[in-house]
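The values are calculated or read from the model by the stated rules, or taken from the named source; none is laboratory data. As the structure is a prediction and not an experimental result, all values here were calculated from the model. Heads up, the Cβs are rebuilt from the backbone with ideal geometry, glycines too, and the neighbour counts pull from every protein chain shown. Note: accessible area is taken over every heavy atom of the protein model, side chains too, but ligands, DNA and RNA are not part of it. Shrake-Rupley method; radii C 1.70, N 1.55, O 1.52, S 1.80 Å.
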Amino acid sequence: MNYLAHAFLSFNNADILTGNMISDFVKGKAKFDYPGEIQKGIHLHRLIDSFTDSHEVTARAKKFFRPQYRLYSGAFVDIVYDHFLAIILLAICFSTSAQTANSAIPPLDKSPMDM
């Protein structure tokens, strides 16, 4: 559900973005049917999901929203994360100071896939 986060973490690479967006629909060994960069995007998507899903803050957020949203609390948290990411990105885009933008989010010089 957190499409904005996956797009943001695709590092302006169209193939990695494609893999990131289709990952939930690619099962098992089917990922090997795609070119290497798209496979990287699929793998990156799964790493992002694994990190966020196992993070203590996400567990607490799901617990907070579970009474009202029950089964959908995880999807709701993903949407909330994208909402706040959008607010941060808009603030950076409309910032009059490059200094402010640089201190808000550290630059992403390298994709984790290249490390």
Say a paramagnetic label sat at a point 7 Å from the Cα of TYR72, along Cα to Cβ; which residues of the stretch 1-42 have their backbone N under 17 Å from it?
-> 1-3
For the stretch 35-96, just the Cα atoms, rotate onto the principal axes and tell me the three extents in Å, largest first.
-> 40, 38, 18
With every protein chain in place, the accessible area of LEU17 for a 1.4 Å probe, in Å² rounded to the nearest 10, comes to 70
First compute the accessible area of the stretch 12-97 with a 1.4 Å probe, then give the percent of it belonging to carbon and sulfur atoms.
-> 64
With every protein chain left in place, what is the accessible area per residue of the stretch 3-92 in square angstrom, probe 1.4 Å?
-> 65
